[in-house]
Amino acid sequence: MIIGIPKEIKEDEYRVGITPSGVRTLKDHGHSIIVERGAGEGCRLSDGEYAEAGATIVDSPVDIYSGADMIMKVKEPQPAEYSLLHEGQILYAYLHLAPAPQLTEALLNTRVVAVAYETIQTHDGFLPLLVPMSEVAGKMSVQVGAHFLEKTQGGRGVLLGGVPGVRRGRVTILGAGTVGMAAATIAVGLGADVYVLDVDQRRLIYLEEIFGNKVTTMISNPDNILYSVTNSHLVIGSVLIPGAKAPRIVTKDMINLMKGRSVIVDVAIDQGGCTETSRPTTHKHPTFIVDDVIHYCVPNMPGVVARTSTFALTNVTIPFALEIADNGITKAALSDDRLAKGVNLYNGLVTHEKVALALGHTYSPLSDVM
Ligand SMILES: NC(=O)c1ccc[n+]([C@@H]2O[C@H](COP(=O)([O-])OP(=O)(O)OC[C@H]3O[C@@H](n4cnc5c(N)ncnc54)[C@H](O)[C@@H]3O)[C@@H](O)[C@H]2O)c1
């Protein structure tokens with residue numbers, strides 16, 4: 001198979017779809033890899049390193065898209081890339097289609113086979129291709145939250161860890177999955193007073209096993225959300241229902257009751273956000289203020305720690321890329337349920353139930369259409 005790696009063109013996206021070591025692995029299985037010139041420069045991976053690993057370097061994205069059987073990239077295609085995709089081509093990337101009707105329409109029109117990293121899922125609910133970026137975003141969420149709490153950044157002027165004689169800052173984490181766990185690790189490490197909420201009791205038990213009484217866990221219901229959000233300096237939104245739009249569990253009324261110039265980092269913004277007041281922002285203009293509360297809603301947080309993120313991403317994308325490249329998408333998806341869950345669109349049909357539900361499309365089970 002010919003695998004194409006375009007340079008990412010989403011604003012402030014510095015990651016790339018593969019490392020030179022990933023190229024070597026695919027080459028060892030007999031595949032050809034074409035990499036767009038300069039694709040790795042955002043994370044200091046040179047064309048020379050890719051060429052040395054066995055990739056062919058090409059000058060334009062047109063050559064990548066027209067020549068490849070599979071496009072392997074980080075973020076969803078941008079409008080300038082829609083017309084470059086072609087029927088039957090495999091698109092293997094983060095897509096987050098549920099909150100993105102225009103992107104979904106565009107991809108349906110191209111009749112690509114769209115495999116979304118974030119919905120590849122094991123039987124026990126584990127999302128192996130979301131996990132490393134969630135680790136990154138979870139760790140970053142407390143870092144950026146602490147930054148925007150500084151007075152010069154417009155924040156309340158609170159140090160999360162406090163000092164002897166002065167109360168610690170309080171952090172509320174909504175959703176105790178991978179993002180939530182990583183955020184809790186950093187928040188506890190900083191010495192903040194940490195609340196964690198989830199609808200899944202088992203996650204809360206797990207967190208208490210790990211952190212003991214350094215975190216306060218609460219089941220996620222409207223009363224507990226109201227109490228914790230309005231008593232916090234930093235709120236981290238990290239809920240997920242895989243494939244679906246994020247539930248908007250923080251209402252505008254709750255935001256209105258929050259402390260002045262406290263901060264919300266809505267990590268779940270890539271699935272639409274979990275507060276009623278969230279809308280996507282960029283790394284260049286990461287925040288906006290509603291009701292005197294600072295909102296940070298960047299959908300591609302790991303993009304700015306591009307090198308760490310690119311290596312972490314390639315570690316987990318390569319095994320499935322190999323399954324697809326070695327067997328073709330149909331055989332690979334039919335023989336691996338985890339991969340089948342990743343196939344969101346198949347030749348103009350929506351093959352992921354939750355994506356179809358979120359966007360009002362007809363759901364076509366993959367087993368029926370392949
Ligand atoms: N902005 C970014 O750059 C970025 C990067 C990585 C991940 N993300 C996003 O962060 C979100 C979380 O990802 P994750 O990997 O931690 O997911 P996860 O599945 O590991 O965890 C999600 C948790 O949310 C909980 N949950 C569901 N509904 C809830 C509710 N109503 N109240 C409280 N908890 C609820 C689930 O029980 C689960 O424990 C996803 O939307 C993911 O796409 C964003």
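The values are calculated or read from the model by the stated rules, or taken from the named source; none is laboratory data. All values reported here derive from a predicted model rather than from experimental measurement. Cβ: placed from backbone, ideal geometry, glycine included. Neighbour counts: every protein chain shown.
Within the range 189-207, being away from the ligand (no atom under 14 Å from the Cβ) and surrounded by fewer than 20 Cβ atoms within 10 Å (Cβ to Cβ) holds for G189, L190, G191. Sub-9 Å Cβ pairs linking a first residue in the range 86-101 that is among the acidic types (D, E) to a second residue that is assigned to a loop (DSSP other than H, G, I, E, B), at least 6 apart or interchain, are E87/R111; E87/V112; E87/N347; E87/G348, ordered by first then second residue.
Taking first residues from the range 216-244 that are outside the structural domain of G175 (by TED's automatic domain parsing) and farther than 13 Å from I264 by Cα and partners that are more than 9 Å from the ligand (Cβ to nearest atom) and in a strand (DSSP E or B), no Cβ contact under 7 Å between residues at least 6 apart in sequence or on separate chains turns up. The single condition among (1) part of a loop (DSSP other than H, G, I, E, B); (2) at pLDDT 95 or above; (3) farther than 23 Å from T216 by Cα that G161 does not meet is (3). Evaluated against (1) assigned to a loop (DSSP other than H, G, I, E, B); (2) within 16 Å of the ligand (Cβ to nearest atom); (3) surrounded by 20 or more Cβ atoms within 10 Å (Cβ to Cβ); (4) at pLDDT 95 or above, L127 falls short on exactly one condition, (4).
Can you work out which of the residues in the range 130-156 that are away from the ligand (no atom under 16 Å from the Cβ) and in contact with a Leu (Cβ under 7 Å, 6 or more places away or on another chain) is nearest to N344 (Cα to Cα)? The residue in question is A146.
So, L107, is that one among the aliphatic types (A, V, I, L, M), more than 16 Å from the ligand (Cβ to nearest atom) and in contact (Cβ under 8 Å) with a residue 12 or more places away in the chain or not?
yes
What about V163, is it away from the ligand (no atom under 11 Å from the Cβ) and surrounded by fewer than 21 Cβ atoms within 10 Å (Cβ to Cβ)? So V163 passes the test. Being over 24 Å from the mean Cα position of the chain (by Cα) and either in the same structural domain as S32 (by TED's automatic domain parsing) or assigned to a loop (DSSP other than H, G, I, E, B) (or both) is a property that L339 lacks. Any residue that is within 30 Å of A332 (Cβ to Cβ), within 12 Å of the ligand (Cβ to nearest atom) and aliphatic (A, V, I, L, M) - is there at least one of those in the range 172-179? Within the range 172-179, one or more residues are within 30 Å of A332 (Cβ to Cβ), within 12 Å of the ligand (Cβ to nearest atom) and aliphatic (A, V, I, L, M).
Of these, E87, E11, E76, which one is part of a loop (DSSP other than H, G, I, E, B) and touching a strand residue (DSSP E or B) at 6+ places or on another chain (Cβ under 9 Å)? Matching residue, one of E87, E11, E76: E76.
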